[in-house]
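Colleague: A single structure is presented below for examination.
The values are calculated or read from the model by the stated rules, or taken from the named source; none is laboratory data. Keep in mind it's a predicted model, so treat the numbers as computed, not measured. Keep in mind that these areas ignore ligands, DNA and RNA; they rest on the heavy atoms of the full protein, side chains included. Shrake-Rupley method; radii C 1.70, N 1.55, O 1.52, S 1.80 Å.
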Amino acid sequence: GQAIPTVMTASIALIKRAYGASPSKSYFEGCSNGGREALISAQKYPELFDGIISRAPASNFVATVGAYQTNMKATVLNPTLNFTPAKSRLLSNAVLAACDGNDGVADGIVSNSAACTYSAATARTELRCAGGADTGDACLSDAQLDVVDAWTNAKTFAGKYTTPGWALTGNESAADNWDSWLFGGNQFAFQYGAISGFILKDPATGPLPPQDSTAVNTLFFDFDAAANAAALASFSSTADALNADLRSFSSTGRKLLLWHGAADPALSVKNTVNYYQNVVSSVGGQTAADAFTRFYIAPGVNHCHGGAGADESDLLTALDNWVSKAVAPGTLSAAQTTATGATNLTRPLCAYPQYPRYTGPANNADAAKQAANFTCVSP
């Protein structure tokens, strides 16, 4: 928690030495753990920055680690799971068939998330293999449906660390989504490192368990055991960034932009929705919150970037205009570009709870790639 103010103090001193004056404005932007650090700055050091951008913040850290462990119990501990990429596509396609058109166009991006009611229970009804046993890629076995349950269920650990789980977005089979985070080892590695290193402070080394039986197997760590309560509380006090009372931050004219990809498989957008709503309540209502913060959800976007949606937006200019010119941000612009810099598609980036609704010509794939054919509307 001391790293950012320490570095900031040194940075200002260096700038003053080099240019003869301190900077007129200072901003912080971070994503994922950087987004968590951004929120910690707003919560604990409210006068450090004039403006802060927190993207996909790992704010609900302890509960997220518990959710990772839950997901890994449903996958790693079942060596015969056989959740193939084709089965991920089966689930994604079912979600898209039910929800993609709710935003006015079927383009592989579920923008109207509030209208998507496709759930794990729906999947169990529509996609279950006859008898529950795995009979191929055209259905999901009971064990595979248990994975979907684990992914979507809200969870509470040690009676107080709560996470809402992930929504089904239709992008589960997209690159760098479930392939990396659920089945590719990312969530396993993060829960292993957090539990063994930060909570248990276990010195065991070697390959990640369960391959190495001499190392701690974090999949059997008991969050609810009384013996672990103090370690969890200590970890939460340093890692969680959930204090929603930002009145000290807002009272001096500071501004905060929140951003999260709707299809984020690493950190559920639902956590940031909850945090934003808690901020609104804590500072005295929507009008008070609107004076210093905006929240943007990017449909179809993975963790920090990537996915089917438009993942690039100039949040810094929007923040600077608000801080320096008192021009509050409304609808922003978002784009998806190729590795060579060509633009694939553009979208409006809507202030929560609005979403981009297609208003262009029907059955026109080119029009569906242009922001001008979308309008931000309330769900």
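Colleague: What translational D, rounded to a whole number of µm²/s, comes out for the chain from Stokes-Einstein when the hydrodynamic radius is the Kirkwood one over Cα pairs, at 10 °C and 1.306 mPa s?
Modeller: 72
Colleague: Taking H as built 1.01 Å from N, whose amide H comes closer than 5 Å to the amide H of G51, not counting residues under 5 places away?
Modeller: S26, F28, K255
Colleague: In square nanometres, what is one fourth of the surface area of the convex hull spanned by the alpha carbons of the stretch 1-59?
Modeller: Across all orientations, the stretch 1-59 yields a mean hull projection of 3.8 nm².
Colleague: Take the solvent-accessible surface of the protein heavy atoms, probe 1.4 Å, and return the percent of it on the stretch 45-161 that carbon and sulfur atoms account for.
Modeller: 52
Colleague: So what is the 222 nm mean residue ellipticity for the chain from helices alone, if each DSSP H run of at least 4 adds -39500 (n - 2.57) and you divide by all residues, rounding to the nearest 500 deg cm²/dmol?
Modeller: -10500 deg cm²/dmol
Colleague: Given 37 °C and 0.692 mPa s, how large is the Stokes-Einstein diffusion coefficient of the stretch 45-117 in µm²/s, with Rh as the Kirkwood radius over Cα pairs?
Modeller: In µm²/s, the coefficient is 203.
Colleague: Holding the Cα-Cα limit at 22 Å, pick out from K25/K325; K25/K255; K155/K270; K44/K255; K155/K201; K160/K270 the pairs that are longer than that.
Modeller: Over 22 Å apart, Cα to Cα: K155/K201.
Colleague: On average, how much area does the Cα convex hull of the stretch 132-274 cover when viewed from any direction, in nm²?
Modeller: 11.8
Colleague: Shifting gears a bit: Return, for the Cα atoms of the stretch 1-149, the radius of gyration and Dmax in Å, separated by a comma.
Modeller: Spelled out, the Cα radius of gyration and Dmax of the stretch 1-149 are 23.3, 75 Å.
Colleague: Need one number: % antiparallel among DSSP beta bridges in the chain, to the nearest 5.
Modeller: In the chain, approximately 50 percent of DSSP beta bridges are antiparallel ones.
Colleague: While we're here: Determine the per residue accessible area of the stretch 73-204 with all protein chains present and a 1.4 angstrom probe, expressed in square angstrom.
Modeller: I get 43 Å² per residue for this part.
Colleague: Can you bin the stretch 271-338 into rounded, prolate or oblate? Criterion: square roots of the alpha carbon gyration tensor eigenvalues sorted a ≥ b ≥ c, rounded for a/c under 1.5, prolate for a/b above b/c, oblate for the rest.
Modeller: In terms of gyration-tensor shape, oblate.
Colleague: Now for a separate question. Carbon and sulfur together cover what percent of the accessible area of the stretch 252-297 at a 1.4 Å probe radius?
Modeller: Using a 1.4 Å probe with all protein chains present, the stretch 252-297 comes out at 47 percent carbon and sulfur.
Colleague: A follow-up question, please. Report, as a whole number in µm² per second, the diffusion coefficient that Stokes-Einstein gives for the stretch 217-366 at 37 °C and 0.692 mPa s using the Kirkwood radius over alpha carbon pairs.
Modeller: Estimated via Stokes-Einstein, D reaches 183 µm²/s.
Colleague: Still on this structure: Heavy-atom accessible area per residue, the stretch 238-359, 1.4 Å probe: how many Å²?
Modeller: Each residue of the stretch 238-359 exposes 39 Å² on average to a 1.4 Å probe.
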